[in-house]
Every structure is written in C-alpha cells, then in structure tokens.
Amino acid sequence: MWIRPAAEADLPLLRDIERAAGRCFRAVGMAEIADDEPLSVGDLDAFRRAGLAWVAVERAERGLGRVVAYLVAARVDGNLHVEQVSVHPDAARRGIGRALIDHAARHAAELGVPALTLTTFSGVPWNAPYYRRIGFRTLRDHEITPELGELCRREAEHGLDRWPRECMTRPV
C-alpha cells in the first residue's frame, strides 16, 4: 500500500469508498449516517486542487493498484482539519486509516501547522475511541476555536448532533 495525492480520475472512486465505509454505521443504529450522500465530486476536487486530498493504493504487481481509502483535509483556525477519512471495508483493519492520518500529520508539519483536528462520533468504536488510540485527545469546550465551532454548528444543522460528537486534536 502506498499513499499519493488524489488524482481527478480518483474522485468518483472516493464517493464509492465513502458509501461502502458508511454501511458499517447500520450495525450501530445509525442508518441515517449510512444513507448520507458522500461529498460531491466537485467538493472532493476542491480538496484535491488545494493539495489536501490523498489516497491509499494497494500495491499491484504491474503498475497502479486499487484505491482503497482516502483522506481530505482543510485549514481550520491554523490547524489541518481532517474533513473525511474513509477506508473501504475490504481493506479495513490493516492500518490504512492511520497511515493516511500520519501522512496528513507529516504534511501539516511541513507547512508549520501545529496540530490536526477532526470531529467525530463519541460512541462509535472506529471513531472517537480509535482516534484516542492513535494520539488524538478530546478538546474541552473552551479549546474549540471559532472556525472549528462554526464547523460543528454546520454539522449540527446537517443532523449529526443526534448522536454525541467530539472535537479532537493531535499535535504534529
């Protein structure tokens, strides 16, 4: 497996990966999340054009392999915010998500950015508990910066606050 910048041709595949990864939410009573439409190709392309979209590719014997995961990020309050990280279930539990997050952290360090941030579901095993295992910590209310707070408000308007959520950070 290797990580590379997302290409324009990858973008429809990223939507498919997100749909497949989202199916896991049905098992924890979150069918609405499973049914939620992924980011549009246009939205994904904006991350790609900003240089903040990466894909994980399975190594193939001849040339390029299959894209199995992706991460997109944005600058939020001086940090690099992980907007979305998704791994296709066929490639899950192999450290690919962590590798993408570590890649984003190295990129953030190169930019002189102090931390990664993300928002996630508190009680979903592959969300907040997973992120804690890989070095993230939950931000206290007074630590949530203005842009990150606005992002949380937009998520709530989208209905994500039906389930407990957290803002998290990890120094780079």
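Exposure proxy for Ile134, Ile3, Ile101, Ile17: other Cβ atoms within 10 Å of each Cβ, ordered fewest to most, give Ile134, Ile3, Ile101, Ile17. Working from label points 7 Å from Cα in the Cα-to-Cβ sense, the Asp16 to Ala74 distance is 2.7 nm. Annotation: the residues Asp36, Asp141, sorted from fewest to most other C-beta atoms within 10 Å of their own C-beta, follow the order Asp141, Asp36. In a simple Cβ point-charge model (Lys, Arg +1; Asp, Glu -1; nothing else charged), the chain has a dipole of about 740 debye relative to its Cα centre. Each of Leu118, Val57, His142 was placed along the dipole of the chain (beta-carbon charges, centred on the mean Cα), and the one lying farthest toward the positive end is Val57. The Cβ shell under 11 Å around Trp2 holds other residues with a net charge of +1, Lys and Arg each +1, Asp and Glu each -1. Checking [x] 62, 25, 14; [y] 28, 18, 14; [z] 24, 20, 15 against the coordinates, the calculated semi-axes √(5λ) of the Cα gyration tensor in Å falls under label [z]. Count Lys and Arg as plus one, Asp and Glu as minus one, and take only other residues whose Cβ is under 14 Å from that of Ala74; the net charge is then -3. May I ask for the net charge around Ala56, where only other residues with Cβ less than 13 Å from the Cβ of Ala56 are counted and Lys, Arg are +1 while Asp, Glu are -1? Local net charge: +1.
Taken together, the values in this text are just the output of simple stated rules run on the coordinates, not laboratory data. Predicted, not measured: the structure shown is a model, and the values here were computed from it. Cβ: placed from backbone, ideal geometry, glycine included. Neighbour counts: every protein chain shown.
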